[in-house]
Every structure is written in C-alpha cells, then in structure tokens.
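Here is the structure we will look at.
The values are calculated or read from the model by the stated rules, or taken from the named source; none is laboratory data. Keep in mind the model is a prediction, meaning the values are calculated, not measured. Because the Cβ atoms are built from the backbone with ideal geometry, glycine has one as well, and the counts that use them run over all protein chains shown. All accessible areas refer to the heavy atoms of the entire protein, side chains included, with ligands and DNA or RNA removed. Shrake-Rupley method; radii C 1.70, N 1.55, O 1.52, S 1.80 Å.
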Amino acid sequence: MAKYHKYVFDLDKRELVGDFETMYQNESKENFDSWHQDDTRQLQRKIDFALLEDYSFDKIIDIGCGKGSLTHLLKKKNNYVLGLDISQTAVNIAQERFPDIDFLSVDVDRIENFTSLTAQIGGVNLVFTSEVFSYIENWKELLKEISKSSEYFMISLYIPENPIGFVKSENDLVEEIEKNFVLIEHISLNTTNFVIVFAKGKNT
Ligand SMILES: C[S@@+](CC[C@H](N)C(=O)[O-])C[C@H]1O[C@@H](n2cnc3c(N)ncnc32)[C@H](O)[C@@H]1O
C-alpha cells in the first residue's frame with residue numbers, strides 16, 4: 001500500500017479518513033509524494049491539458065490543488081490562477097514553488113467558503129479540479145455553485161468499482177454535471193477508471 005493511503009481512506013471501515021494536513025506534513029519525513037502528484041506524465045493529466053489547449057482563460061480556480069503541480073500548468077503570463085486546498089502545508093509548499101500564483105487554504109466542502117471566495121474575485125472563466133471530488137461530501141452542491149460562478153468546468157476523477165469516496169459512479173457524476181453544464185467532452189479511461197469531463201456552464 002502506498003504510504004499516503006492511511007491518511008486518505010480507512011479500507012477496513014470503508015470510510016474517509018481525510019487527514020490531508022498530517023499527510024502533507026509527513027511527506028518529507030516519510031519520503032513520499034502523495035498520489036504521485038508531481039508526476040505529470042499520467043495519461044489523464046495529458047488529456048486534461050490537451051482538451052484545454054484550444055482555450056484561453058483569464059481567471060482560473062484549481063480546486064484541491066495540492067502542491068500545485070497541475071496548477072502551474074494552468075498559469076500563463078497574462079492570466080490569474082488561484083489554487084485552493086484544505087491543507088495549509090500543501091498550500092505553503094505550492095506558494096513557495098510557484099510565487100506567481102495565489103494559493104489559499106480553504107475547505108470547499110463548506111460551500112459557503114467557495115461561494116464567498118468567487119464572489120470576492122468576481123467569478124472565473126474556468127474551474128479545474130483533478131482527483132478531488134471523491135473527498136467532497138457536498139460535491140453535488142459544489143457543482144451547482146461552480147456553475148453559477150464559472151464559465152467552464154473541467155474535472156478529472158478516478159472512480160474505481162465500489163468506491164469508498166463520495167462520488168459513487170461515473171453515471172452519477174456525469175448526470176449531475178449535465179444538470180448544471182453542457183458537456184463539451186466526456187472521456188472514460190476504461191482500464192484505469194479515470195473519467196474526464198470538460199463542460200460549459202448553462203447559466204453563464
Ligand atoms: C488527490 S489530491 C489531488 C491534487 C492535485 N489536484 C492533483 O491532481 O495532483 C487531492 C487534494 O484535494 C485536497 N482536498 C481534499 N478535501 C478537500 C476540501 N474539502 N477542500 C479543499 N481541498 C481538499 C487534498 O488536500 C489534496 O491535496
């Protein structure tokens with residue numbers, strides 16, 4: 001089992017542990033990179049960025065940005081990118097690595113946090129989120145809020161058979177996205193169980 005797993009899920013009880021702060025604090029001590037997030041060669045990540053290549057976005061939020069390894073790929077010379085993560089340690093590491101991006105420690109499962117933040121920055125053009133919704137109990141509500149404040153939405157998510165995480169199936173996820181957005185692309189990686197959806201808001 002990878003060293004970070006114990007901080008994420010209790011496999012026996014089949015429930016979320018979600019101790020992301022301790023996990024990031026222990027990375028250097030225990031010598032691991034949670035979810036191998038610094039490895040941007042993973043196919044689903046290449047697909048995310050291939051889809052985004054044809055678009056430009058002035059303001060972007062990356063929800064659950066971790067140490068910023070994908071966030072910085074969204075940053076251009078002339079756009080604004082904000083990375084959000086529940087872990088202050090992850091945010092500190094990301095901020096140190098990528099000073100031209102803003103990073104904030106925020107729990108997006110408390111929807112009011114996300115709502116007030118997007119109100120403060122006056123809406124965004126893209127909300128990007130990679131490998132995070134499994135940990136967000138209120139993900140359906142969050143989706144609704146994202147659709148009110150962002151023009152585009154991209155999600156990449158690993159959804160195994162019988163998941164412990166809060167997103168229970170690809171169908172559930174896509175159905176919920178379609179309530180709030182119009183799909184631009186929906187890609188399933190059938191052997192590795194990754195789902196990628198890129199969509200445009202109905203309300204923007
Ligand atoms: C699997 S990592 C993904 C990191 C990065 N997005 C990537 O794809 O490499 C999940 C991230 O979500 C963050 N996270 C989990 N629950 C969260 C919450 N309620 N609010 C904000 N971030 C959260 C964790 O701290 C962790 O950094």
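Among the complete DSSP H segments of the chain, which ones combine at least 27 Å of alpha-carbon extent along their axis with a mean Kyte-Doolittle hydropathy of 1.0 or more?
Span-like helices, by this rule, are absent here.
How many angstrom lie between the Cα centre of the range 69-91 and the Cα centre of the range 1-26?
After rounding, the separation between the Cα centres reads 23 Å.
If amide H atoms are built 1.01 Å from N in the plane of the peptide, which residues on other chains or at least 5 residues away come under 5 Å of the amide H of GLU151?
HN-HN under 5 Å from GLU151: VAL124, ASN125, LEU126.
Each residue of the range 181-193 in turn: what ³J(HN,Hα) in whole Hz from Karplus with 6.51, -1.76, 1.60 and θ = phi - 60°, glycine and Pro shown as x?
9, 9, 6, 9, 8, 9, 10, 10, 9, 6, 8, 9, 6
Below 13 angstrom from the Cβ of SER150, what's the summed charge of the other residues (Lys, Arg +1; Asp, Glu -1)?
+1
Could you state how much accessible area LEU117 has, in square angstrom rounded to the nearest 10, with a 1.4 Å probe and all protein chains kept in place?
20 Å²
How large is the Kirkwood hydrodynamic radius of the range 34-86, in angstrom, based on all distinct alpha carbon pairs?
One over the average 1/r among Cα pairs gives 11.8 Å for the range 34-86.
Which GluC sites (Glu not before Pro) does the range 111-144 hold that lie in a coil by DSSP with at most 16 other beta carbons within 10 Å?
GLU137
What are the lysines whose alpha-carbon lies under 30 Å from the alpha-carbon of LYS148, with same-chain residues fewer than 8 places away excluded?
Partners within reach: LYS46, LYS59, LYS67, LYS75, LYS76, LYS77, LYS140, LYS168, LYS179, LYS200, LYS202.
Before anything else, pin down the relative contact order of the range 40-201: Cα pairs under 8 Å, at least 6 apart, normalised by residue count, whole percent.
Reported as a whole number, the value is 19 percent.
Could you tell me what percent of the DSSP beta bridges with both partners in the chain are antiparallel, to the nearest 5?
For the chain, the DSSP antiparallel bridge percentage is about 45.
Give, as a single signed number, the net charge of other residues whose beta carbon lies under 14 Å from the beta carbon of GLU112, with Lys and Arg counted +1 and Asp and Glu -1.
For residues surrounding GLU112, the net value is -1.
Exposed loop sites here are trypsin sites (Lys or Arg not before Pro) in DSSP loop states with at most 14 other C-beta atoms within 10 Å. What is the longest stretch of the chain lacking them?
Counting at most 14 other Cβ atoms within 10 Å as exposed, the longest clean stretch of the chain is 111-167.
Is there a quick way to get the dipole size of the range 35-93? I mean about its Cα centre, with the Cβ of Lys and Arg at +1 and of Asp and Glu at -1; what is the value in debye to the nearest 20?
140 debye
Taking the range 1-94, which chymotrypsin sites (Phe, Trp or Tyr not before Pro) meet the DSSP loop condition and have no more than 11 other C-beta atoms within 10 Å?
Here no loop site has a sparse enough neighbourhood.
May I ask you to list the aspartates and glutamates whose Cα is less than 20 Å away from that of LYS144, ignoring any residue fewer than eight positions away on the same chain?
By straight Cα distance, LYS144 reaches ASP62, ASP85, ASP107, ASP109, GLU112, GLU131, GLU170, ASP172, GLU175, GLU176, GLU178, GLU185.
Relative contact order of the range 123-204: what whole-number percent is it, with Cα pairs under 8 angstrom and at least 6 residues apart?
Reported as a whole number, the value is 34 percent.
Heavy atoms only, probe 1.4 Å: what % of the accessible area of the chain goes to carbon and sulfur, would you let me know?
On the chain, the fraction of accessible area on carbon and sulfur atoms equals 47 percent.
Find the accessible area per residue for the chain; the probe is 1.4 Å, ligands and nucleic acids are left out, and the unit is Å².
About 50 Å² of surface per residue is accessible.
When a/c reaches 1.5 or more, the comparison of a/b and b/c decides; with that in mind, is the range 40-201 rounded, prolate or oblate per its Cα gyration tensor?
Verdict is rounded for the range 40-201.
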